[in-house]
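Visitor: Sharing a structure, written as C-alpha cells. Questions coming.
Read-outs: derived from the displayed coordinates by stated rules, not from any lab. Every value quoted in this text rests on a predicted model; they were computed, and no experiment measured them. All Cβ positions, glycine included, derive from the backbone under ideal geometry; neighbour counts span all protein chains shown.
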Amino acid sequence: MAQDGITGVVSLEPEQGEKVRGIAAGLGTDFDDSEFTRPELMESRRTGDIGLVHSWELVTAVDGPGTRMTIFMSGCPLRCLYCHNPDTMEMKEGTLERVEDVVKRVIRYRPVFNASGGGLTISGGEPLFQIAFTRRVLKEVHDAGIHTTIDTSGNLGSRLTDEDLESIDLVLLDVKSGDEDTYMKVTSRTLQPTIDFGNRLNRLGKKVWVRFVLVPGLTDSDENVNNVADIVEKWKDNVERVEVLPFHNMGADKWQNIGMEYTLDDVTPPSRELLDHVRGIFKSRGLTTF
Ligand code: SF4
C-alpha cells in the first residue's frame, strides 16, 4: 500500500490486487497506463502529472456552495469507523488520470458553476494524499477563474504551502472529535495535525466550513461535542459555518465488499432531538450551524 501518496506505488501488479478501472471513466480521455513503464508512471505520480482518481460526480448543495464537480481521490491516512468510502482508503481503486484531462473536464462545466455559484471540490479519500496531483489541479482550475474547495480531515494539511492555499477558496475541514482519545478511537490517527491546520487557516483568514459527523455512542457525548466546539470557537473569524452531519449506515456494504470489518452495524442514525441538541451546542458559541 502507498504510505504517503507521493512515494507510494499504485497497485499495478496482479499480486497487489486488481486495479479497478472505469469508476472515474469519462473524466479523462483515452489514457492507457500500459503506455508507461513502471518508473515513468512512478515519476509522473511524483510530479503530479498523473493521479489515481476514484470517481467523480456533479452534486448540488453538498460539498460546498452551488453545483459542484466533486472529484474523489484515492488514498487516505485515516481509518474512520464510519467511513462512507472505505474503498478510497487504500490506493487500489480508481483510474489513472492526467492533470490536463481532469482540468479540461472541470472547465467544461464552467457555465454550470457560474450559473449556480458552484465550482470544483476535491474530496476522497483524502485530497492531500496525492498532493502533487491535487496541487496542480487546484492551481489550474483556480487560475481559470473557477471556485475551488477541498474536503479534508486536515491530517495532511502541512503538505499545503501558503502558495497552494491561494488556489483554494474554501476548506471543508472535518473535525472528527474534540480530544485525542476519542479522535484516535474514531480515526486511528491523532487530532493535533487537524488543530494545527485549522490554526493556520485561521491565521491566514482562509474561509472554512467545519464538518462534524454525529455518531450515537461514539462522538455524541456532550463532553466530546463541547471539546469540538471549544476548538472551532477559536476559529470563529474564518469559520463561516459548522455542519453537523448525521451518521448513517449507507457505507456498510462497501466495507463488506472489500473484506473489511464494519463495527457500526448496530448503530442507528441520531434522533432529531439529539441533532438539535448538538447543533444547539455549536450555536450557543455564536457559530452559524446547520
Ligand atoms: S477521512 Fe474520510 S475518507 Fe478517510 S477514512 Fe475518514 S471518512 Fe474515510
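Visitor: Take region 87-127 and flag every residue that is in a strand (DSSP E or B), of a type in the set (Val, Ile, Thr) and in contact with a helix residue (DSSP H, G or I) (Cβ under 7 Å, 6 or more places away or on another chain).
Guide: Ile122
Visitor: May I pose another question? Which residues, taken from region 173-226, are out of contact with any strand residue (DSSP E or B) (no Cβ under 9 Å at 6 or more places or on another chain) and of a type in the set (Lys, Arg)?
Guide: Of everything in region 173-226, those that are out of contact with any strand residue (DSSP E or B) (no Cβ under 9 Å at 6 or more places or on another chain) and of a type in the set (Lys, Arg) turn out to be Lys185, Arg189, Arg200, Arg203.
Visitor: In region 167-191, which residue that is free of Cβ contacts under 8 Å to residues at least 24 places away in the same chain and in a helix (DSSP H, G or I) is farthest from the chain's Cα centre (by Cα)?
Guide: Here the residue is Asp181.
Visitor: Moving on. Does Thr194 count as crowded, with 16+ Cβ neighbours inside 10 Å, in a helix (DSSP H, G or I) and under 16 Å from the mean Cα position of the chain (by Cα)?
Guide: The answer is yes for Thr194.
Visitor: Out of (1) more than 30 Å from Arg189 (Cβ to Cβ); (2) without any contact (Cβ under 8 Å) to a residue 60 or more places away in the chain; (3) not hydroxyl-bearing (Ser, Thr, Tyr), the odd one out for Asp101 is which?
Guide: For Asp101, the exception is condition (2).
Visitor: Continuing with the same structure: Considering only region 89-103, state which residues are within 16 Å of the ligand (Cβ to nearest atom) and closer than 17 Å to Glu43 by Cβ.
Guide: Going through region 89-103, the residues within 16 Å of the ligand (Cβ to nearest atom) turn out to be 89-94.
The answer is Met91, and nothing else.
Visitor: Okay, next question. Are any residues in region 164-178 away from the ligand (no atom under 15 Å from the Cβ) and surrounded by 16 or more Cβ atoms within 10 Å (Cβ to Cβ), and if so, which ones?
Guide: Asp164, Leu165, Ser167, Ile168, Asp169, Leu170, Gly178
Visitor: Also, quick follow-up: Tally time: how many residues in region 146-163 are within 16 Å of the ligand (Cβ to nearest atom) and of a type in the set (Asp, Glu)?
Guide: 1
Visitor: Being farther than 30 Å from Gly217 by Cβ, charged (D, E, K, R) and within 15 Å of the chain's Cα centre (by Cα) is the filter here; which residues of region 143-166 pass it?
Guide: Arg159
Visitor: Considering only region 204-218, state which residues are closer than 17 Å to Leu170 by Cβ and more than 16 Å from the ligand (Cβ to nearest atom).
Guide: Leu204, Gly205, Lys206, Lys207, Val208
Visitor: Which residues, taken from region 105-134, are over 15 Å from Arg68 (Cα atoms), surrounded by fewer than 24 Cβ atoms within 10 Å (Cβ to Cβ) and away from the ligand (no atom under 16 Å from the Cβ)? Walk me through it before giving the result.
Guide: Residues of region 105-134 that are over 15 Å from Arg68 (Cα atoms), as a first pass: 125-134.
Right, trim to surrounded by fewer than 24 Cβ atoms within 10 Å (Cβ to Cβ) and you get 131-132.
Ala132 - this is the single residue of region 105-134 that is over 15 Å from Arg68 (Cα atoms), surrounded by fewer than 24 Cβ atoms within 10 Å (Cβ to Cβ) and away from the ligand (no atom under 16 Å from the Cβ).
Visitor: If Val267 satisfies every condition in (1) over 20 Å from Trp209 (Cβ atoms); (2) within 22 Å of the chain's Cα centre (by Cα) but one, which is the exception?
Guide: (2)
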